[in-house]
Amino acid sequence: MPGHLLESTTKRTISLQDTMLFGRKKDCHIRLTDSRVSRQHAMIRRQDDGDYWFYDLGSSNGSYINDQRVITTRRLNSEDNIRICDQEYSFDSGEDFGRVSMTDDSLDATISEIRTIPVVMLVSDIKGFTKISEKLPPDVLAQTIGSWYRECDEVLGDYGATVDKFIGDAVLAYWMDTSAETRTKALSAAKALGEACERISKLQAETFSEHQLTLDSGLGLHLGKVAHGQMGQGTFTMLGDAVNITFRVESLTRPLKRDVLVSEEFLAGWDDGHGLCRHEGSHIVKGRTTPLEVYSVESYPNEATLEASA
């Protein structure tokens with residue numbers, strides 16, 4: 001049984017899909033007409049482990065779980081109380097959700113839905129998040145990080161990526177295609193995510209300036225094979241060493257002082273991509289004995305060319 005919400009006033013039960021949006025917009029899954037609610041206020045997303053996570057999307061008036069304002073991602077537990085303005089919900093994870101019966105039939109069915117495929121992966125992580133958390137007032141921090149979640153979700157969707165998960169101040173996304181066109185989209189998405197950080201910084205310019213802060217993100221792109229499929233009841237995700245490599249590529253953005261890095265595999269067989277990047281050498285990273293060859297992005301694809309090829 002999937003997770004669900006129980007609306008406190010009407011006692012209505014709302015079954016949860018993989019992604020559920022709260023807000024005033026007509027296309028939100030849970031539409032709230034209160035004028036204090038933002039157009040896209042908050043989101044519940046089911047992660048690969050079957051757990052549900054709650055995100056405030058930079059709302060002006062905030063979201064609360066058990067009367068505590070949501071600042072970053074929060075894993076939901078059964079009987080958690082969610083409050084958005086005057087609307088309250090009780091969360092239930094659902095009985096036996098995410099558990100796979102280990103009968104022969106169900107095990108065979110699960111395995112048959114998992115396949116190894118090459119994908120393009122993207123990891124983006126907010127730089128200096130600990131410092132930002134220490135310096136910003138809680139309400140400003142919640143709006144800043146929530147706005148970043150919303151921008152990531154929208155930008156990656158616009159460029160055809162699937163968001164696998166948000167992990168605190170990081171996002172993992174992927175494309176189930178490795179063509180030059182898809183890699184071009186991935187680079188354009190990287191540029192757009194950098195521009196999103198600039199927009200958010202401008203909205204909080206006064207507070208950021210007061211605390212001598214900036215909002216920047218490091219971003220890594222990699223191409224590799226992963227196990228992709230249904231890991232449990234209805235939840236799709238990807239697993240494999242290539243996922244770990246993508247995180248390691250992103251981690252090098254800080255010591256190399258680069259905003260966007262791509263792996264050698266991401267550029268393999270793509271001459272146009274090589275023309276956009278500069279070799280940054282081989283680097284040993286945590287948990288790996290084989291060095292990673294990485295490249296920094298010096299220029300980005302022409303948007304007009306991208307639109308023409310779409």
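Modelled this way, with points 7 Å down the Cα-to-C-beta line, the labels at Asn77 and Asp216 are 3.8 nm from one another.
Here the chain is treated with +1 on each Lys and Arg Cβ and -1 on each Asp and Glu Cβ, and its dipole about the Cα centre works out to around 660 debye. Residues in the chain average 48 Å² of solvent-accessible surface per residue, probe 1.4 Å, ligands and nucleic acids excluded. Around the Cα centre of the range 187-290, unit charges on the Cβ atoms of Lys, Arg, Asp and Glu (plus for the first two, minus for the last two) sum to a dipole of about 260 debye.
Say R0 is 30 Å: what FRET efficiency, to the nearest 0.05, do Asp86 and Thr162 get from their beta-carbon distance?
FRET efficiency, Asp86 to Thr162: 0.30.
On full extension, the segment bounded by Thr9 and Asp48 gains 10.9 nm, given 0.36 nm per residue less the C-alpha separation.
Computed over all pairs of different Cα atoms, the Kirkwood value for the hydrodynamic radius of the range 132-238 is 15.4 Å. Annotation: extensible slack from Asn244 through Asp139 equals 34.5 nm (criterion: 0.36 nm per residue apart, minus Cα-Cα distance). Note on Lys286 and Thr116: with the Förster distance fixed at 22 Å, the Cβ-Cβ geometry gives a FRET efficiency of about 0.30. In this simple spin-label approximation, Asp67 and Ala180 carry label points 7 Å from Cα along the Cα→Cβ vector, and these lie 6.1 nm apart. Where both residues lie in the range 159-270, what percent of DSSP beta bridges are antiparallel, nearest 5? Of all bridge pairs located within the range 159-270, approximately 75 percent are antiparallel. Considering only beta bridges that DSSP places wholly inside the chain, some 90 percent are antiparallel. Tell me, what % of the accessible area of the chain is carbon and sulfur with a 1.4 angstrom probe? For the chain, the apolar C and S fraction of the accessible surface comes to 46 percent. Exposed loop sites, defined as GluC sites (Glu not before Pro) outside DSSP H, G, I, E and B with at most 13 other Cβ atoms within 10 Å, are absent from the longest region of the chain, namely 114-297.
At 27 Å minimum axial length over the Cα atoms and a Kyte-Doolittle cut of -0.5, report the qualifying DSSP H helices in the chain, or say none.
138-158, 180-203
Heavy-atom accessible area, probed at 1.4 angstrom with all protein chains present, ranks Thr9, Thr184 as Thr9, Thr184, highest first. Among the trypsin sites (Lys or Arg not before Pro) within the range 15-86, those in coil by DSSP and having at most 16 neighbouring Cβ atoms inside 10 Å are Arg24, Lys25, Lys26, Arg36, Arg39. Sorting Thr116, Thr207 by solvent-accessible area of protein heavy atoms yields Thr116, Thr207, largest first, with a 1.4 Å probe.
The values are calculated or read from the model by the stated rules, or taken from the named source; none is laboratory data. Treat the numbers as computed from the prediction; the structure is a model and nothing was measured. Reconstructed Cβ throughout: ideal geometry from the backbone, glycine too, with neighbour counts over all protein chains shown. To get the accessible areas, we keep the full protein, side chains included, count just its heavy atoms, and leave off ligands, DNA and RNA. Shrake-Rupley method; radii C 1.70, N 1.55, O 1.52, S 1.80 Å.
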